[in-house]
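Here the structure is laid out as structure tokens; the discussion comes afterwards.
The values are calculated or read from the model by the stated rules, or taken from the named source; none is laboratory data. Not measured: the values here are computed from a predicted model. Cβ placement follows ideal geometry from the backbone for every residue including glycine, while neighbour counts extend to all protein chains displayed.
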Amino acid sequence: MMIQIDDVVISSDILTEKFFCNLEACHGACCIEGDAGAPVEESEVAELEKVLPVVWDDLSPEAQAIIRKQGVVYTDRDGDLVTSIVNDKDCVFTCHDENGCCYCAIEKAYREGKCQFYKPLSCHLYPIRIGKYGPYQAVNYHRWDVCKAATVMGRLKGTAVYQFLKEPLIRKFGEAWYKELEACEKAMEEQYGHF
């Protein structure tokens, strides 16, 4: 089922499916798995370049070499602008802590008050992906095996995908839009029962 708010078409599974990141289980695999970097909006390229000096020392030597060679982004085989990657999988902005858990160097710098850019919106929104559906923006839930622990944790906590991603959804669409999304979820629950 699809829901529409303004020019945004939303897959209802972001309201019904449960999700809550479990970094202890997945160790941040979404930053280092896959065959392309994270989708980047054109307007974010300058932000990535601006934050580069702040995070440079947290990046691996391999990531630094890739950035020197091709920059912070590239166009993938589908024609999409994405973050540069190391070894055909790891985002160049990926770092590891002492427990082997991956994290985003940009998000770390943001949380430490060293920059104003949180991280690319596509990363902040994951597992939601924004696409095009004719003249509309399409909001879809992307299922990936590396996030199985997050679906289990989401069910345990009773947290829907859209609830877990409240902050980035507001960042993308605004507070009023998010309140309408909550109202849609309530209406669906009244119509179809608890899910």
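Suppose the filter is within 30 Å of Ala65 (Cα to Cα) and crowded, with 19+ Cβ neighbours inside 10 Å; does Cys147 pass it? In short, yes. As a summary of the residue check, Tyr110 satisfies the conditions (1) under 27 Å from Gly158 (Cα atoms); (2) free of Cβ contacts under 8 Å to residues at least 24 places away in the same chain except for the one numbered (1).
Exactly one residue out of Gly131, Gly100 is out of contact with any Cys (no Cβ under 8 Å at 6 or more places or on another chain) and farther than 21 Å from Leu81 by Cβ, and it is Gly100.
Of the residues making up the stretch 1-57, just one is without any contact (Cβ under 8 Å) to a residue 24 or more places away in the chain and surrounded by 18 or more Cβ atoms within 10 Å (Cβ to Cβ), namely Leu52.
Take the residues of the stretch 124-138 that are at pLDDT 90 or above, of a type outside the set (Ser, Thr, Tyr) and not in a strand (DSSP E or B): which is surrounded by the most Cβ atoms within 10 Å (Cβ to Cβ)? Before the answer, list the steps.
Kept after step one, since they are at pLDDT 90 or above, are these residues of the stretch 124-138: 124-130, 135-138.
So of that shortlist, the ones also of a type outside the set (Ser, Thr, Tyr) come out as 124-125, 127-130, 135, 137-138.
In the following step, the residues that additionally are not in a strand (DSSP E or B) were identified as 124-125, 127, 135.
Numbers: His124: 18, Leu125: 19, Pro127: 21, Pro135: 7.
Result: Pro127.
Test Asp76 against the criterion of being within 19 Å of the chain's Cα centre (by Cα), surrounded by fewer than 18 Cβ atoms within 10 Å (Cβ to Cβ) and more than 22 Å from Lys172 (Cα to Cα), and give yes or no. Judged against the criteria, Asp76 is a match. Here Val8 passes the criteria (1) at pLDDT 90 or above; (2) not assigned by TED's automatic domain parsing to the domain that holds Tyr141 except the one numbered (2). With respect to the conditions (1) of a type outside the set (A, V, I, L, M); (2) at pLDDT 95 or above; (3) surrounded by 13 or more Cβ atoms within 10 Å (Cβ to Cβ), Tyr141 falls short on a single one, namely (2).
Take the stretch 142-169 and flag every residue that is of a type outside the set (D, E, K, R) and outside any helix (DSSP H, G or I). Selection gives His142, Trp144, Gly158, Thr159, Ala160, Leu165. Selection of the stretch 103-122 for residues being crowded, with 20+ Cβ neighbours inside 10 Å and assigned to a strand (DSSP E or B) yields only Cys104.
Looking only at strands (runs of 3 or more DSSP E) that lie completely in the stretch 1-102, which have at least 1 residues being aliphatic (A, V, I, L, M)? Outline the logic, then answer.
Numbers: elements: 2-5, 8-11, 73-75, 81-83, 94-96.
The strands (runs of 3 or more DSSP E) meeting that bar are 2-5, 8-11, 73-75, 81-83.
Name the residue that is modelled with the lowest pLDDT, counting only residues in the stretch 87-123 that are touching a helix residue (DSSP H, G or I) at 6+ places or on another chain (Cβ under 6 Å) and charged (D, E, K, R). Among those that are touching a helix residue (DSSP H, G or I) at 6+ places or on another chain (Cβ under 6 Å) and charged (D, E, K, R), it is Lys119.
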